[in-house]
Amino acid sequence: MGFARSPLPHRHLLLFVCSLLALVSFAMPLCFGQTYSGKPQELPWTQEMKKYPGLQEEFARLFVKIQQAVDFPPPRKESRLLPLTPKAGVFYIAIPNYGEVAAQVLKVFRQELQESAVLRDWWTHGQVADSAPKIESALKKFSQFHQYLGDEIVISATWDGKEPTFLVASEIRQPGFRKFFQQVLGEIPGKSRGFRLLEPQELDAAKPKSSTEELLVLVRPDFVVASEDIAALRSFNIRTETHSREFAETPFGRRVLQEYQGGTTLMAAADMQKALEKASTTTKPNDVLQQSGFADMQYLVWGHKAVAGKTISEMELSFISPRHGAAAWLAKPRPLGSLDFVSPNAMMGATFALTDPSQILEDVKTLAGPSKAGAFASIPLVEQGLNISLKDDLLSLLTGEITMEIDSFTPPQQPAWKVILGVNDADHLRQTLNTILTATRFEASQEADNGITYSSVLVPSGKTSTQVVYALADGYLILGPTRNIVADSLWLHRSGNSLAKSRKFLDSLPPGRSSGASALFYEDPIGMTAVQLKSQMPDLAETLGKVSAAVRPMVLNVYAEDSAIREISTNQMFDTTGVLIVAAIAIPNLLRSKIAANESSAVGSVRTINTAQVTYSATFPKRGFAPNLAALALDPRDPNAYSPEHAGLLEEHLANASCTGDAWCTKSGYQFLVTSICKLKVCKQYVVLATPISDSTGNRSFCSTQDGVIRYKMAASLTAAISATECKTWQTLE
């Protein structure tokens, strides 16, 4: 199937260009050995800009050409892979085949190289020249690789054990995939050892993976599937033979299928009830989660879809019952009048429509629990000292609508900011604020202009004071650092020149939705990025400015319903941010789960090795303890033969005959090593060491000696043995 032009190709392109710029700006110092001492200095990118005048204009031109020429994958309304997903699936991610996109990008780039002397000169002679052929080759291989695959790649996961089991699957569209894959692996030194290719007839006799670094790949005539678990591949193979549709018939499967019906390009989904159920079996019951209302989460689904001829991104967090507790703090959609005070030139803004602020305070007290009750014990004393009621004289006077805005940010200067609060009784609130200022003896002054009273307060901040100006008008409380900023905000509201009335904002609203919402986030991505880069990389900041016209502002809209919270956006940058936020929450938790499982397995293995050492010393008293793991392992020549050289006390997944000297054995993300102190072939002391393969497989190393006590140390992966004396300095494992 070919690729049709996406209605909004720059949505995908923006992510590509931002990734390219990030690579250039952050990778170049590493590639060229540049170190930074914190002092101002000329960065590699700046050096390149000076050496090749006009290069930044060429990048801007390249961006536009790619946007105009590249066709992106169309929405998919069905999937052959979804029915083949494991019935117990907890996570589901569907990604389009971007192979043709890579080919088109490479074609446009090469054409631009021919037409642009400055770009060609930089690519062939600049600091990136050594990597240029590899980059082009990688894009070409990526395109060729995906020519063999179908329109979709699905990543699913079950969570039956201590950690999730992932499965990656795709259709095969033409024969020859296995041969091509082997060819690609052969061109990457050392990588072929990390893959084991299997055919369906090899599955029954296939052994589990031989190391934690190995990925098992099943290549069928119609599908290619990869996993770390041989059982997952066998199960997939059975489902294809029996034409199973078990997952599609589960409630979670039907929810995922619903995303396809409207047409989707990218999609990610999680069965939150199953995930929470799994988490509750490995951790203590979380009362706070129950009280917050988030224990009732059902599904988290994110995806691109077409609505009224417009491509949008939508994230839905559904609940098994009506929202309550903290999950119900967001009010149902309503007009957000505070947006009429926001500048159309704002760099960033956020608006929330909250339910009763007084009730939110009570919920916070409940969530804090008895252990944090002291934090709220002083509230009655404060109320007595100020002669006000926090609930009646402050919180009940607010509508729950709050907007925060940043108009400019040029470090080290303070940002120009505004806060706008909805008010339902301005006179009462003015009296409350005056009472608080009088009681706290803050320096305050007032000035009236055109019927508006501006109050200026100096708030102590360290050795200095920060000025805050506020005014109550038109049903809102407006705060800012200067009177001019507050006055400008009121003018925007009354003149109709605010962000909420601007065309760029209105064009960013989802189809069929008004400006009413439960929350809204706005950002000028180019402006924010350029400001952050301006001091260190002014040329790159200028380059970003040149492509800003092609990028719309980021607007994310949130709509709270009785049993769901929905986020809708028409801009790729916020879509990407949403995915990254979910990833920042989900991936670390999955990694922590895997790390915890690996560490638990490592501790169990150390105990097993200690037991094997005791057995070895009792079986071969003239040898004492085993000098290494090989001596505790099975004899590779005869598993039924037992000797001091191979006592057969440990299974082969933990120890083998090759683990002699300083050679490590590997299991479940950890490396194991046994060393002994031997005299005249009699070993009276030993040290067993377990250390993670990398930071992603474990955070702690473990050791033990002949005393049988297991100790640990928070440290990076160790590369050499330690002494018994050093082991005994580590912290004892409780």
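Computed from the coordinates by the stated procedures, all read-outs in this text should not be read as laboratory data. In this text the structure is predicted, and so the values were computed from the model without any measurement. A quick note on method: Cβ atoms are made from the backbone with ideal geometry, for glycine too, and the neighbour counts reach across all protein chains shown.
Miscellaneous remarks
- Estimated at 0.36 nm per residue, the fully extended path between ILE238 and LYS179 surpasses their Cα-Cα distance by 18.8 nm.
- Annotation: amide H of THR158 within the under-5 Å range of VAL90, THR165, sequence separation 5 or more or interchain, hydrogens built in the peptide plane.
- Each of ILE436, ILE568 was scored by other Cβ atoms within 10 Å of its Cβ. Listed from fewest to most, they are ILE436, ILE568.
- Shape call, region 295-348: gyration tensor on alpha carbons, a/c limit 1.5: oblate
- Taking the Cα centre of region 402-458 as reference, the dipole from Cβ charges on Lys and Arg (+1) and Asp and Glu (-1) amounts to some 160 debye.
- Once backbone amide H atoms are built at 1.01 Å from N, LEU354 has ALA331, GLU401, ILE402 as its partners under 5 Å, excluding neighbours fewer than 5 places away on the same chain.
- Each residue of region 332-346 was assigned a 3J(HN,Hα) from its phi angle through the Karplus expression (A = 6.51, B = -1.76, C = 1.60, θ = phi - 60°), giving 5, x, 8, x, 9, x, 5, 5, 6, 9, 8, 6, x, 9, 4 Hz with x at Gly and Pro.
- Multiplying the residue separation of LYS365 and GLN111 by 0.36 nm and removing their Cα-Cα distance gives an extension gain of 85.1 nm.
- Other-chain or far-sequence residues with amide H under 5 Å of LEU266's (modelled H): HIS304
- Simple spin-label estimate for THR440 and ARG80 in nanometres, 7 Å along Cα-Cβ: 6.7 nm
- Inter-probe distance in nm under a simple model that places probes 7 Å from Cα toward Cβ, at ASP425 and PHE376: 2.2 nm
- Estimated vicinal HN-Hα couplings, Hz - region 170-182 in sequence order (Karplus 6.51, -1.76, 1.60; Gly, Pro = x): 8, 6, 9, 9, 8, x, x, 4, 4, 4, 5, 4, 5
- Packing rank of 289-296, 125-132, where each peptide gets the mean count of other beta carbons within 10 Å, highest leading: 289-296, 125-132
- Summed residue charge, Cβ within 15 Å of ALA724's Cβ, Lys/Arg positive, Asp/Glu negative: +3
- Gap separating the Cα centres of region 671-685 and region 696-718, nearest whole Å: 18 Å
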